[in-house]
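Here's the structure, in structure tokens; my notes come after.
The values are calculated or read from the model by the stated rules, or taken from the named source; none is laboratory data. If you're wondering where the values come from, they're calculated on a predicted model, not measured in any experiment. Every residue, glycine among them, receives a Cβ derived from its backbone with ideal geometry; neighbour counts consider all protein chains shown. When the accessible area is computed, the model is the full protein with side chains, heavy atoms only, and any ligands, DNA or RNA have been set aside. Shrake-Rupley method; radii C 1.70, N 1.55, O 1.52, S 1.80 Å.
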Amino acid sequence: ANCMHGVQSRCAPLRQQHGNSTTKTGGECPTSFPNANALGCTFNKTLWNTMGRVIGIELRSLWLQSVGENTPSGTPHLGLDCWSPNVNLQRDPRWGRNLESPGEDPYLNGMYGVEYTRGLQYNSQIDGRFLQAVATLKHFTANSVEGYSWTDDGQWVPTSSKHDKQHRISRHNINTKISMYDMATTYLPAFAKTVQEGGAAGIMCSFNRINGVPSCANEWLLKQVVRGQWNFSGYITSDTGGLDDIQLQHHYTSDWNSTVAVAIQAGCDVESAIWKANGGKNNSGIYIKYLPTAVRLGFVRESDVDRALAHALAIRFRLGLFDPIADQPFWKIPPEVVHSPPHVQLSKEATAQGFVLLKNDNSVLPLNPSSKLALIGPHVHDRSVMLGNYLGWCFCAFVATNF
């Protein structure tokens, strides 16, 4: 699930109360917090930590109730792995994901990542033996292109443009050229801090190439830096459909056996494949399709598959999924914690703290306090845009008809 500013899920199912078929309770919807760019403006580490803890508790409860993601029908119920936080930097106002990131400063993003991760994953007040949920950092790294493209001569074109798609640059095919200095001072610190100080258990490699090598096939990035320098012990996943890009978009490989080989040998443990729109078992991933053959033909060592499997399964052990559940409090989180009054109040406090007021010293802006201002544009009254993306259902009326 994505948990950028709340669990991206449907609402909990309605329930009968005390056997009375005419009395319905439940239908709790996940608490929605402000977008991360507003949360960054609070500069409040305690708030970020507490929000992470709330999201983790609600995720556990919704998971126990078999609630599904806020996507079209057919997708499975939630897992306990949050594809959050996004600690990419806000580098360009045209980037369509700025709202997901706390800011443009590596230190701020690192502190946000640390506190969010600590709150989400570790809850010793309930059970310090196991992870409450898993934080998967994204998008690793230098991912700053979204929803727009350039032509070969540097002209910007909208994604919907009929301009020759073969000459567009997007997040799926861009080769981000970065010096080692910029990597060390700008693009790596937030991830490093969240891993080393926050203990993040997951990382998502991004779609783009970095200096010619796709992120999910980048052995220097995933092995030498993440596992070697940072001592990361968690799992690494691709972004959805990202392994296909290695061959189809970046043309880094020429066949599927080679594609799965460079990805798994680089350290990409798990593939996120594109989920079928009509539901059913998802078997479209290239790991599922081609890894067995790649091993038989000698493209991939069986030990590489064992290593990836160990990283993935270790997360499930750390969540307590292979231990007896009788004495595990995380298996007894009640439905009532979802959207509970304290959680809603925390969201209100976060919203208030995120407001930024600018002082108009010396009348720099020619504004008359007694005059009226017109707010013009498509988003002035668009509440859905104001709520942000990766959003859970906000109103239980959506599930009432399905009871």
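Does the range 223-238 contain any residue that is modelled with pLDDT of 95 or more and among the charged types (D, E, K, R)? Taking every residue of the range 223-238 in turn, at least one turns out to be modelled with pLDDT of 95 or more and among the charged types (D, E, K, R). Taking every residue in the range 328-339 that is farther than 17 Å from SER124 by Cα and pairing it with any residue that is assigned to a loop (DSSP other than H, G, I, E, B) and of a type in the set (A, V, I, L, M, F, W, C), at least 6 positions away or on another chain, the pairs with Cβ-Cβ distances below 6 Å are PRO335/ALA12; VAL338/ALA12; HIS339/CYS29.
Does ARG227 satisfy being in contact with a strand residue (DSSP E or B) (Cβ under 8 Å, 6 or more places away or on another chain) and open to solvent by 10 Å² or more (accessible area, probe 1.4 Å)?
When the stated conditions are applied, ARG227 does not pass them.
Taking the stated definitions as given, is ALA310 open to solvent by less than 70 Å² (accessible area, probe 1.4 Å), of a type outside the set (S, T, N, Q), touching a residue at least 60 places away in the same chain (Cβ under 8 Å) and assigned to a helix (DSSP H, G or I)? The answer is no for ALA310.
Inspect all residues belonging to the range 196-204 and state whether any of them is surrounded by fewer than 17 Cβ atoms within 10 Å (Cβ to Cβ) and in a loop (DSSP other than H, G, I, E, B). Within the range 196-204 (the criterion being surrounded by fewer than 17 Cβ atoms within 10 Å (Cβ to Cβ) and in a loop (DSSP other than H, G, I, E, B)), the answer is yes, since at least one residue qualifies.
Condition check for SER303 on (1) in contact with an Asp or Glu (Cβ under 9 Å, 6 or more places away or on another chain); (2) open to solvent by less than 80 Å² (accessible area, probe 1.4 Å); (3) on the phi < 0 side of the Ramachandran plot: one failure, at (1).
With the requirement that a residue be assigned to a helix (DSSP H, G or I) and either acidic (Asp, Glu) or without any contact (Cβ under 8 Å) to a residue 24 or more places away in the chain (or both), what does the range 90-112 give you? Residue satisfying the conditions is GLU100 alone. When the residues of the range 341-386 are filtered to those that are in contact (Cβ under 8 Å) with a residue 12 or more places away in the chain and assigned to a loop (DSSP other than H, G, I, E, B), the one that is least open to solvent (accessible area, probe 1.4 Å) is VAL356. From the list ASN257, ASN362, the lone residue that is farther than 30 Å from GLU28 by Cβ and in contact with a Phe, Trp or Tyr (Cβ under 6 Å, 6 or more places away or on another chain) is ASN257. In the range 322-340, what residues are outside any loop (DSSP other than H, G, I, E, B) and of a type outside the set (Asp, Glu)? Within the range 322-340, PRO329, PHE330, TRP331, LYS332, PRO335, VAL337 qualify. Take SER66 and decide whether it is polar (S, T, N, Q), touching a His at 6+ places or on another chain (Cβ under 6 Å), surrounded by fewer than 19 Cβ atoms within 10 Å (Cβ to Cβ) and assigned to a loop (DSSP other than H, G, I, E, B). The answer is yes for SER66.
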